[in-house]
1. Would you be able to tell me the number of residues in the range 28-43 that are farther than 11 Å from ALA6 by Cα and either open to solvent by 30 Å² or more (accessible area, probe 1.4 Å) or touching a Pro at 6+ places or on another chain (Cβ under 9 Å) (or both)?
2. Identify the residue in the range 5-27 that is free of Cβ contacts under 8 Å to residues at least 60 places away in the same chain and surrounded by 18 or more Cβ atoms within 10 Å (Cβ to Cβ) and, among all such residues, is nearest to the chain's Cα centre (by Cα).
3. Determine which single condition SER53 fails, assuming it passes every other condition in (1) open to solvent by 20 Å² or more (accessible area, probe 1.4 Å); (2) under 14 Å from the mean Cα position of the chain (by Cα); (3) at pLDDT 95 or above.
4. Please go through the range 90-114 and give me each residue that is polar (S, T, N, Q) and either touching a Ser or Thr at 6+ places or on another chain (Cβ under 7 Å) or modelled with pLDDT under 95 (or both), ordered by number.
5. Within the range 86-99, count every residue that is touching a strand residue (DSSP E or B) at 6+ places or on another chain (Cβ under 6 Å) and either among the aliphatic types (A, V, I, L, M) or touching a residue at least 60 places away in the same chain (Cβ under 8 Å) (or both).
6. If I ask for residues that are over 12 Å from TYR19 (Cβ atoms), open to solvent by 40 Å² or more (accessible area, probe 1.4 Å), of a type in the set (A, V, I, L, M, F, W, C) and not in a loop (DSSP other than H, G, I, E, B), which ones from the range 58-114 would you list?
7. Restricting to the range 77-112, name every residue that is over 13 Å from ALA48 (Cα atoms) and of a type in the set (S, T, N, Q).
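The values are calculated or read from the model by the stated rules, or taken from the named source; none is laboratory data. In this text, all values refer to a predicted model and were calculated from it rather than measured experimentally. Glycine gets a Cβ as well: all are built from the backbone with ideal geometry, and neighbour counts include every protein chain shown. Accessible surface areas use protein heavy atoms only, side chains included; no ligands, DNA or RNA. Shrake-Rupley method; radii C 1.70, N 1.55, O 1.52, S 1.80 Å.
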Amino acid sequence: MALTAAGTFPDRFVAAASYHGARLATDLPNSPHLLAPKMKAKVYVGGAIEDASFPDDMKARLDEALTQAGVDHKVETFQAKHGWVFRDTPVYDEAAAERHWETLLALFDSKLKS
């Protein structure tokens with residue numbers, strides 16, 4: 001949703017983050033990666049190493065679309081399972097969840113602090 005919002009309303013977003021994102025670069029006409037040329041926001045995407053809905057080839061496709069569009073971005077893979085941030089799930093990973101907060105706050109600090 002964050003990438004779709006950033007591409008749909010580019011003048012309203014200076015930062016967009018996606019964690020646990022799924023199907024971010026597909027062949028569908030509404031795939032978020034197709035909005036990359038419209039994005040003005042700095043983008044951070046954190047995927048999981050164990051996530052069938054965001055495999056390595058999709059990460060590469062998303063990264064390529066953002067790069068070609070000139071979007072300031074970073075796409076990373078966490079050594080965790082999909083959904084690692086939520087404490088009340090069996091896949092919760094404390095170290096990866098902490099890294100999630102660090103990357104999110106760094107993104108916001110880089111764009112929102114004056």
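1. Total satisfying the criteria: 4.
2. Across the range 5-27, the extreme among qualifying residues is SER18.
3. For SER53, the exception is condition (3).
4. Matches in the range 90-114: SER114 only.
5. 2
6. Of everything in the range 58-114, those that are over 12 Å from TYR19 (Cβ atoms), open to solvent by 40 Å² or more (accessible area, probe 1.4 Å), of a type in the set (A, V, I, L, M, F, W, C) and not in a loop (DSSP other than H, G, I, E, B) turn out to be ALA60, ALA95, LEU105, ALA106, PHE108, LEU112.
7. If the condition is that a residue be over 13 Å from ALA48 (Cα atoms) and of a type in the set (S, T, N, Q), then THR89, THR103, SER110 are the ones that fit.
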